[in-house]
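One structure is given below, encoded as structure tokens.
What follows is calculated from the coordinates using simple rules that are stated; it is not laboratory data. Being a predicted model, the structure only gives us computed values, none of them experimental. Neighbour counts run over all protein chains shown; Cβ positions are idealised from the backbone, glycine included.
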Amino acid sequence: MTSRIIGTGSYVPARVVTNDELAQIVDTSDEWISGRTGIHKRRIAVEESTGYMAAEAARRALENAGITAEELELILVGTTTGEHCFPSVACEVQGEIGAVNAVAYDISAACSGFLFAMDTLQAFIRAGVYKTGLVIGADCLSKLIDWEDRGTCVLFGDGAGAAVMRAEDFGLIHTVMGSDGERGNVLSCVARTNGSFVDKRTPQLGYVYMDGQEVFKFAVKKVPECIRQVLDESGTDIEQIKYFVLHQANYRIVEAVAKRLKQPMDKFPMNMERYGNTSAATVPILLDEMNREGKLEPGDRIVLSGFGAGLTWGAALLEW
Ligand code: UT7
């Protein structure tokens, strides 16, 4: 018994912010941003919270799967940008969509959050604990960005993607996940926990900090490594893979991964030019677009892979 994705959904805010618009607030240019990252524009939340976007993506995924919210037994949200420390975004979603029979909680693995959530749901389904669940990747990094830091503010966008998974005989074939807490300092954001009774210090929120080159080097090494691992451990020939659905951070990272895997670029769909890096939402938003465009057919083998703060990374091999 394994789990299969039976429906997908996504949501992005309506507000479009172009590179030219960013060039009016920081010392940057469309040429630099699109040339170095592949990003041309992104969607930025105005009224929307992470929970709102996640619930919208969830509704669309349920509709696509043709099931009701009451059928869900578990809701996992990969996110690091909930409006509240508590309750969790997953509980917000549960309340919004009326998934009265579901257990709901968040998973914190930054941009790898959707993959980590999927792996967790898969473990519950394999163990026979649950049969039907919802995994969501949702983030609103625009609220954690220093809009004066050109090194980070040009990279991110907001959005959410969701997948309904159900116990079936085929679907998810194998997953691998990894973490390296010793290198957590290269991509971080201070949380509202640095207050102090002794120093009478009030907690303050921090901004996203990133050593871009270190993250770049980590990504181009780890992503191909974990993709090879997921294929080797499942005895799968790489030529059988129709698509590699990767975290959408930078087209140069995707190109480097393709080169290392010796695979053609047409197996690597991308949408970062429209949405930027939506953190935990990149993989499920792209998957949802591919699903709705009819690019995925029964029997197709695809690999999902992501990386992010933690450091964290992972890959999932599945049959559609
Ligand atoms: O979800 C995971 C999140 N993060 C990532 O995946 C990020 C991985 N890293 C990257 O994608 C790239 O490292 C960046 C896109 C962040 C940066 O590209 P880079 O080619 O590594 O540029 P760099 O950091 O080496 O900077 C090159 C130059 C510097 O100027 P000098 O020192 O050469 O004069 C930067 O100050 O570009 C400058 N720069 C900018 N210029 C215009 C940095 N940001 C900007 C900007 N506009 N927005």
*For Tyr207, enumerate residues with amide H under 5 Å from its amide H, sequence gap 5+ or separate chain, H modeled in the peptide plane.*
Val190
*Taking the simple approach of a point 7 Å from Cα along Cα-to-Cβ for both Arg292 and Val190, what is their distance in nm?*
4.0 nm
*If each residue's Cβ is checked for other Cβ atoms within 10 Å, how do His247, His84 rank with the fewest at the top?*
His84, His247
*Could you list which residues have their amide H under 5 Å from that of Glu168, counting only those 5 or more apart in sequence or on another chain, with H placed in the peptide plane?*
Thr2, Ser3, Arg4
*May I ask for the Rg/Rh ratio of the chain, computed from Cα atoms with Rh as the Kirkwood radius, given to two decimals?*
0.96
*Sorted from largest down, give the three principal axis spans of the alpha carbons of the stretch 92-135, whole angstrom values.*
26, 26, 10
*For each of Met53, Met1, count neighbouring Cβ atoms within 10 Å of the residue's Cβ, then give the residues from fewest to most.*
Met1, Met53
*Can you sort Thr79, Thr120, Thr2 so the residue with the fewest Cβ neighbours within 10 Å comes first?*
Thr2, Thr120, Thr79
*Among bridges DSSP assigns within the chain, what percent are antiparallel (round to 5)?*
70 percent
*Go ahead and run the numbers for FRET between Gln24 and Val46, Cβ-Cβ distance against an R0 of 22 Å, rounding to 0.05.*
0.80
*Hey, which lysines would be in cross-link range of Lys259, C-alpha to C-alpha under 19 Å, not counting anything within fewer than 8 residues on its own chain?*
Lys217, Lys221, Lys222, Lys242, Lys267
*Please work out the FRET efficiency for the pair Lys259 and Lys200, using the Cβ-Cβ distance as r and a Förster radius of 56 Å; give the result to the nearest 0.05.*
0.55
*Taking the alpha carbon gyration tensor of the stretch 159-202, what are the square roots of 5 times its eigenvalues, largest first, to the nearest whole Å?*
40, 17, 11
*Could you quote the convex hull projected area for the stretch 1-121, Cα atoms only and averaged over all directions, in nm²?*
9.2 nm²
_Based on Cα coordinates alone, diagonalise the gyration tensor for the stretch 62-104, multiply each eigenvalue by 5, take square roots, and list the semi-axes in whole Å, largest first._
20, 10, 8
